[in-house]
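Novice: Before I ask anything, let me first share the structure, which is written out below as structure tokens.
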Amino acid sequence: MAYTLSIVIPIYNEAQNLPDVLPSIIEYTQQRNWQLILVNDGSKDDSGKIINRLHALHPAIQVVHHKVNRGYGGAIKSGIRVANTDFVITIDSDGQHQMTDIDKMMSHLEETDADMIIGSRKGQKDASLYRKFGKFIIRKLAQISLSTKVHDINSGMKLYNTELAKKYMKVCPNTMAYSDIIALIFINQRHLVLEHPITILPRKAGKSTINTKTAFETVKEILNILLFFNPLRFFIPLSIFFVVLGVAWEIPIFLRGDGMSVGALFLINFGILCFILGLLAEQISTIRRNIIH
């Protein structure tokens, strides 16, 4: 019997969690005839050994081992490559995601014929105010950049069309920013992206690897994807800003009869330069976008 859904779980140094988390996931997937794909992303602890022991007991599990750490996105990509179902969902290996939420997300996808369902954590308490603030900045940047109202853009629990995921993952980063970028690409390419509420449980053990560096990488990747798909959306406002600033600077100087200000001239020329760079970036972006078409 063919599988009805593929579940990809990226794993990195989660030996403390796996013995408690994986057995129930395995049982749940077997009951529903789902394909389970475990990706050991170069773990330095005993995660690989634990996965191999479970695989020996349950040969149907698909196991992928990376010799070195490729990153969260790199692990998910490896899992998606071996998925052979119409839809694939990603969940974390720390026990925070509930398997019952997958059923609800699948039902929502079938009802709406969506291309991606994001497990939304909206309204739930974050681990810290610092992380909450970071997520807010990333979310607002994504919403402004690509005009999307999706709230939980960086949720690790995403259900999406496997064919589209395989098509777009080649332009996604291998870092933690993968979750944000794959969603933004689906949105930008006019696929139907919806959210469905999920419940997040406390991490069972261990420590999250998300930090300030992760946030900066995510912001950088969001800007990269904006420049990839719509560079003029970035350069035109920048161009207008500097030209208007230069004109505003020059007006009182001109009215006094003091001629042209060097500072104003610089700002206006810089604004024009931004516009020209935007046109060049648009041409390059058009060529690069052929990668995913």
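The values are calculated or read from the model by the stated rules, or taken from the named source; none is laboratory data. Treat the numbers as computed from the prediction; the structure is a model and nothing was measured. Heads up, the Cβs are rebuilt from the backbone with ideal geometry, glycines too, and the neighbour counts pull from every protein chain shown. Side chains are part of the model used for accessible areas, which takes the heavy atoms of the whole protein and leaves out ligands, DNA and RNA. Shrake-Rupley method; radii C 1.70, N 1.55, O 1.52, S 1.80 Å.
Novice: Points 7 angstrom from Cα along the Cβ direction at ARG233 and ARG53: gap in nanometres?
Specialist: 4.8
Novice: Just to check I understand the Karplus step: with θ = phi - 60° and J = 6.51 cos²θ - 1.76 cosθ + 1.60, what whole-Hz values come out for region 234-248, glycine and proline as x?
Specialist: 8, 7, 5, x, 5, 4, 4, 4, 6, 5, 4, 4, x, 5, 4
Novice: Okay, moving on. Can you tell me the order of 23-33, 109-119 when each peptide is scored by its average per-residue count of other Cβ atoms within 10 angstrom, highest first?
Specialist: Working: 23-33: 14.8, 109-119: 18.5.
Result, highest mean first: 109-119, 23-33.
Novice: While we're on this one: Rounded to the nearest 0.05, what FRET efficiency is calculated for ASP45 and THR199 with R0 set to 22 Å and r the Cβ-Cβ distance? Please report the intermediate quantities before stating the final value.
Specialist: Values: r = 28 Å, r/R0 = 1.27.
FRET efficiency, ASP45 to THR199: 0.20.
Novice: Which cross-chain or sequence-distant (5 or more) residues have an amide H under 5 Å from the amide H of HIS151, H modelled 1.01 Å from N in plane?
Specialist: Under 5 Å from the amide H of HIS151: no residue qualifies.
Novice: Roughly speaking, what is the stretch gain from LYS166 to LEU265, that is 0.36 nm per residue apart minus the C-alpha to C-alpha distance, in nm to one decimal?
Specialist: On the way: separation 99, 0.36 × 99 = 35.64 nm, distance 4.86 nm.
The span from LYS166 to LEU265 would gain 30.8 nm if fully extended.
Novice: What shape does region 67-106 have by the C-alpha gyration tensor, where a ≥ b ≥ c are the square roots of the eigenvalues, rounded means a/c under 1.5, and otherwise prolate means a/b greater than b/c and oblate the rest? Working shown, then result.
Specialist: Values: a/c = 3.51, a/b = 1.40, b/c = 2.50.
Since a/c reaches 1.5 but b/c is at least a/b, the shape of region 67-106 is classed as oblate.
Novice: Hey, can you grab everything whose amide H is under 5 Å from the amide H of LEU36? Only 5+ residues off in sequence or another chain; H modelled, so Pro and N-termini drop out.
Specialist: The answer is ILE7, GLN62.
Novice: Per residue of region 96-101, what does 6.51 cos²θ - 1.76 cosθ + 1.60 with θ = phi - 60° give for ³J(HN,Hα)? Whole Hz please, x for Gly and Pro, Karplus curve as stated.
Specialist: Calculated HN-Hα couplings, in order: 7, 8, 9, 5, 5, 5 Hz.
Novice: Continuing with the same structure: Can you give the FRET efficiency for GLN283 and HIS151, using 1/(1 + (r/R0)^6), R0 = 45 Å, r = Cβ-Cβ distance, to the nearest 0.05? Provide the component values of the computation, followed by the final result.
Specialist: Values: r = 34 Å, r/R0 = 0.76.
Efficiency at R0 = 45 Å is approximately 0.85.
Novice: Need one word for region 1-133: rounded, prolate or oblate. Basis is the Cα gyration tensor (sqrt eigenvalues a ≥ b ≥ c); a/c below 1.5 gives rounded, then a/b vs b/c decides.
Specialist: Details: a/c = 1.61, a/b = 1.10, b/c = 1.47.
Judged from the Cα gyration tensor, region 1-133 comes out oblate (a/c at least 1.5, b/c at or above a/b).
Novice: In square angstrom, what is the accessible area per residue of region 226-278 with a 1.4 angstrom probe?
Specialist: Details: 3240 Å² over 53 residues.
Result: 61 Å² of accessible area for each residue.
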